[in-house]
Amino acid sequence: MNRYMVEVTLSGVDPNQFETLAAKEQEVVAELTKTGFIEQIYVRNDLSGAYLVVEERDESYVRQQFNRFPLFPYMTLKLVQLQNQS
C-alpha cells in the first residue's frame, strides 16, 4: 500500500449550499476513515481546503474515492506520494 498526502483546495462553492454539502461531506469522511482509507485530516482555519493522509494502492484509486465527496466539483486536488520512514 502507498501513502499519499492530498492537498484539497475549495473554490466556487455557493455559500448558501456550503453547510448542507459540508454535512454530507462529513458522512463520507466518517465512512472512509472507518474503512482506513483516511488516516488523518487537517482542515484549513479559513475552511478553504484540507490536507489528508490516505493509504491506498495507487493514485487513480485515491482520485476515484474523492469523486464520492459532495464538494468534489469544487475541489482541486494535489497528490504527493509519501515515502515510508519505518
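Bear in mind these aren't lab numbers, they're just calculated from the coordinates by the rules spelled out. Predicted model only: the values in this text are computed from it and were never measured. Virtual Cβ from ideal backbone geometry, glycine too; neighbours counted across all protein chains shown.
The simple Förster model, with R0 at 41 Å and r as the Cβ-Cβ distance, assigns GLN81 and PHE18 a FRET efficiency of 0.85.
Relative to the compact-globule scaling 2.2 N^0.38 Å, provide the ratio for the alpha-carbon radius of gyration of the chain. Please report the intermediate quantities before stating the final value.
Values: Rg = 12.8 Å, N = 86, 2.2 N^0.38 = 12.0 Å.
Normalised Cα radius of gyration, the chain: 1.07.
Give me the angle, in degrees from 0 to 90, between the Cα long axis of helix 15-34 and the longest principal axis of the Cα atoms of the chain, rounded to the nearest 10. With both axes taken from Cα atoms, the answer is about 30 degrees.
Taking Cα centre as origin and charging only the Cβ of basic (Lys, Arg, +1) and acidic (Asp, Glu, -1) residues, the dipole magnitude of the stretch 1-76 rounds to 100 debye.
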